[in-house]
Amino acid sequence: MPLDPTAMTAAHDAIRRDLVRFVRVLGGTEPVPPERAVALRRHWEFVASALGHYTGTQDAYLWPPARSHVPESELASLAFAVDKHPLVGDHLAVAGAAFAGGGAASAGPERLILAENVQRLAMLADKRFAYEETVVLPLLIEHLPQESWDAYSAELTSFGPVEMSLPWLLDSAPADRISRVLGLLSTDDRDRYTGAWKPAYREQVSRLW
């Protein structure tokens, strides 16, 4: 049975989506009221934590077994992906400090600096995720044991409270992915997702974008 890439690609798409949304808001000319700036900062903290969790999960659960099972001739492909981690951390730190300093609500250069840094992070993340999807994932599908991939996927999807992380992951996702993920839930949790988690998430992000 081939490895199911749903957890990885869902995380990729959710992070890409929100980084682009941040760039659109911060890079525009519309003033950002203080209350919206606070909401943006809080959501940035969530997305930054999600990206940090993504990289940490790879370091702890994915790369060690991958190095043990991928042929030595292909290990350089894994190393290229791992080498991008410090750059991601640097951009997250700079943007986090700018958000904390009120950059989102600034009418001056602080907002421009914040927008440019988030844009660089969005471009870096997109290129890295594309590389993982087109180069790394085929290697993992061919060589990684199922139990190693399952442990990685389980840890990857354990991020944050499920009532926030699940609707965030499925926001704007393809219908077949939503159906596949919801099919893994209990009936009670599917009802909670439809009746409570998804509406609460939508109400929250309506203040952002």
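Give the range 181-203 a look and list any residue that's under 27 Å from ARG21 (Cα atoms) and either in contact (Cβ under 8 Å) with a residue 40 or more places away in the chain or of a type in the set (Ser, Thr, Tyr) (or both), or say none.
VAL181, TYR193, THR194, TYR201
Being aliphatic (A, V, I, L, M) and more than 16 Å from the chain's Cα centre (by Cα) is the filter; apply it to the range 153-195 and report the residue that is surrounded by the fewest Cβ atoms within 10 Å (Cβ to Cβ).
The selected residue is ALA175.
With respect to LEU75, is the statement that it is aliphatic (A, V, I, L, M), on the phi < 0 side of the Ramachandran plot and surrounded by 14 or more Cβ atoms within 10 Å (Cβ to Cβ) true?
So LEU75 does not fit the description; no.
Within the range 121-143, track down each residue that is farther than 17 Å from ALA14 by Cα and surrounded by fewer than 20 Cβ atoms within 10 Å (Cβ to Cβ).
THR134, VAL135, LEU137, PRO138, LEU139, ILE141, GLU142, HIS143
Can you find even one residue in the range 116-131 that is of a type in the set (Lys, Arg) and modelled with pLDDT under 90?
No, there is no match, as no residue in the range 116-131 is of a type in the set (Lys, Arg) and modelled with pLDDT under 90.
Mind counting the residues in the range 1-31 that are within 19 Å of ASP150 (Cβ to Cβ) and assigned to a helix (DSSP H, G or I)?
7
How many residues does the range 55-107 hold that are hydrophobic (A, V, I, L, M, F, W, C), under 21 Å from the mean Cα position of the chain (by Cα) and within 29 Å of GLU35 (Cβ to Cβ)?
9
The values are calculated or read from the model by the stated rules, or taken from the named source; none is laboratory data. Since we're looking at a predicted model, the values are computed, not measured. For neighbour counting, all protein chains shown are included, and Cβ atoms are generated from backbone atoms with ideal geometry for every residue, glycine included.
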